[in-house]
Amino acid sequence: MSVTATIFILCATNILSVANTTPSQPETAIIVANPDATTAEQQYDAMKLQLENQGIAIASFATLLKNLIGTAKIANPDEDALAKKIIKARQLEGYFKTAAAQKLRQEVIDIYEQTPQPTLRLFNRAAEAMQDLASGHLTENETAQAKAVAHDLARRFPDAPVDTLRHPPNVQKLFSQAKVAIRQQSWQKINLTSDIAGDLWIEGRYVGLLNNTLTVSVPKGRYRVWLIRENKPSLPYLIDLDEQELNVNIEYNIDQKIVLAQPLGINCQDCEQELKQLCPRLKVADCVLAKPSLNLDAPPTITSTTTDQVIAPTTSSSFSAWSVAPFGVGQFSQGRPLLGTIMASSQLGLGVWNLITYQKYQDAVEHNKDSESRLRRQANTAALMFYSVIVIGIGEAVIWDLLND
């Protein structure tokens, strides 16, 4: 193999290897203070660019949601539509289309799981769908699945009434046995505190009034916990109850200020203090506050929870070493995937052409063919074009980096 081909292959292999082994680093959350629908996204983008130029990794909106409320996707359910979906599933089952019916029931349950602040009516819809799901499994002689759903139902929605007119005796017996099994299994304590009094719900289990402190015992397992006051629930607090009793502090007043929209925001007065309360729940290395500004073109001022001080906008160079890498790596690192794809494909294509023409020329030299002169010119042209496009790609990335410094 030619020296040119060897260098070409090693270069491409090393670049792909580096790109695929970039180590992860602790992430920072950007929280927009008092977000306005018309400016919040622009302000977030300005803050994100400022932090990334300082080498700071930014947590995605999906990551923050997952850490805060347990799901990366938020549902805003139409409860009447969910009720109709449950009825539709029963109709399908009547036509012996059990698989389609079970799918609709699971969709209702998934929507409940993705709703951060469900109503009491949604609790009932979710329990109803779980009952029908267990019944459907039993009808299809899927006993293990039916028992698993019934056990989950008894653990999370112990007070849900069973429609004895709809469910036959064998299904009612399944639910009764699940409740007995739950009572006999190991329970664990949860010590709860709150900054305000309200009704405490652990999934569909109404626990009672939480007035500052309360200790309750529930079956071991994974739950969402809410404090509901004047029909306004807190955000969900996720607990995974095992052998250790847990302490859960519900910050109801902060929850009412959090804006679950992209970008994540908080309606605050003492913003720095409230950010410090929120940040541990986001499970990130640091949180920064993006404050509203009259001049959105100016670099943002950043307030950090870990440094406890204002970080001034940096004026240091944002030049990246990735800019001098070939095959579109510089463009990709600058967030320009289209141009990066064009550069990578053109450079790889010309590289292959260069390799082929060089091998043909070498073959002509070895066998003393008449086409040697023509193939030499063709190989030189291919090499010139290949290395020219490499230089153009690197030069364009460097210039873009310097102009956007």
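The table for this structure:
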item	result
Residue that is under 15 Å from P326 (Cα atoms) and among the aromatic types (F, W, Y), where the choices are W400, W353	W400
Inter-residue pairs, beta-carbon under 6 Å, first within 15 Å of L153 (Cα to Cα) and in region 169-186, second of a type in the set (D, E, K, R), 6+ apart	I182/R155
Which listed residue is more than 37 Å from the chain's Cα centre (by Cα) and modelled with pLDDT of 85 or more, from Q359, Q347	Q359
Within region 23-133, helices (runs of 4 or more DSSP H) holding 1 or more residues that are in contact with an Asp or Glu (Cβ under 6 Å, 6 or more places away or on another chain), among the small types (G, A, S) and surrounded by 16 or more Cβ atoms within 10 Å (Cβ to Cβ)	98-113
Test: residue in region 360-376 that is touching a Pro at 6+ places or on another chain (Cβ under 9 Å), touching a residue at least 12 places away in the same chain (Cβ under 8 Å) and part of a helix (DSSP H, G or I)	no
Yes/no for D159 being out of contact with any Gly (no Cβ under 6 Å at 6 or more places or on another chain) and part of a loop (DSSP other than H, G, I, E, B)	yes
Every residue from region 334-344 that is surrounded by fewer than 20 Cβ atoms within 10 Å (Cβ to Cβ), touching a helix residue (DSSP H, G or I) at 6+ places or on another chain (Cβ under 7 Å) and modelled with pLDDT of 80 or more	L339
Wholly within region 197-255, strands (runs of 3 or more DSSP E) carrying at least 2 residues that are within 19 Å of I74 (Cβ to Cβ)	221-229, 237-241
Where a residue in region 385-405 is of a type in the set (S, T, N, Q) and its partner, wherever it lies, is modelled with pLDDT of 85 or more, with Cβ under 9 Å and at least six apart	S388/L350
T315 part of a loop (DSSP other than H, G, I, E, B), at pLDDT below 75 and over 22 Å from S60 (Cβ atoms)	yes
Residues satisfying the stated conditions in region 188-198, i.e. surrounded by fewer than 15 Cβ atoms within 10 Å (Cβ to Cβ) and hydrophobic (A, V, I, L, M, F, W, C)	A197
Residue list for region 170-222, filter: over 26 Å from H137 (Cβ atoms) and touching a helix residue (DSSP H, G or I) at 6+ places or on another chain (Cβ under 7 Å)	S194, D195, I196, G198
Checklist (1) acidic (D, E); (2) touching a Leu at 6+ places or on another chain (Cβ under 7 Å); (3) under 28 Å from A134 (Cβ atoms) applied to D255, failing item	(3)
Checklist (1) among the charged types (D, E, K, R); (2) modelled with pLDDT under 75; (3) buried (at least 19 other Cβ atoms within 10 Å of the Cβ) applied to E274, failing item	(2)
Test set (1) in a loop (DSSP other than H, G, I, E, B); (2) under 27 Å from L200 (Cα atoms) - R166 fails condition number	(2)
Region 229-266, residues that are polar (S, T, N, Q), over 21 Å from G198 (Cα atoms) and surrounded by fewer than 14 Cβ atoms within 10 Å (Cβ to Cβ)	Q244
Answer residue from region 362-388, given it is in contact with a Leu (Cβ under 6 Å, 6 or more places away or on another chain) and modelled with pLDDT of 85 or more and is nearest to G330 (Cα to Cα) among those	F386
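Quick grid of which residues meet (1) touching a residue at least 60 places away in the same chain (Cβ under 8 Å); (2) in contact with a strand residue (DSSP E or B) (Cβ under 6 Å, 6 or more places away or on another chain); (3) of a type outside the set (F, W, Y):
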position	(1), (2), (3)
Q42	yes, no, yes
F61	yes, no, no
I74	yes, no, yes
F96	no, no, no
A99	no, no, yes
E107	no, no, yes
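Conditions tested, residue by residue: (1) of a type outside the set (S, T, Y); (2) within 29 Å of the chain's Cα centre (by Cα).
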site	(1), (2)
H167	yes, no
F175	yes, no
T193	no, yes
L200	yes, yes
R205	yes, yes
L209	yes, no
V218	yes, no
R222	yes, yes
I228	yes, yes
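The values are calculated or read from the model by the stated rules, or taken from the named source; none is laboratory data. Everything quoted here is computed from the prediction, not taken from an experiment. So basically every Cβ, Gly included, is an ideal-geometry build from the backbone, and we count neighbours across all protein chains shown.
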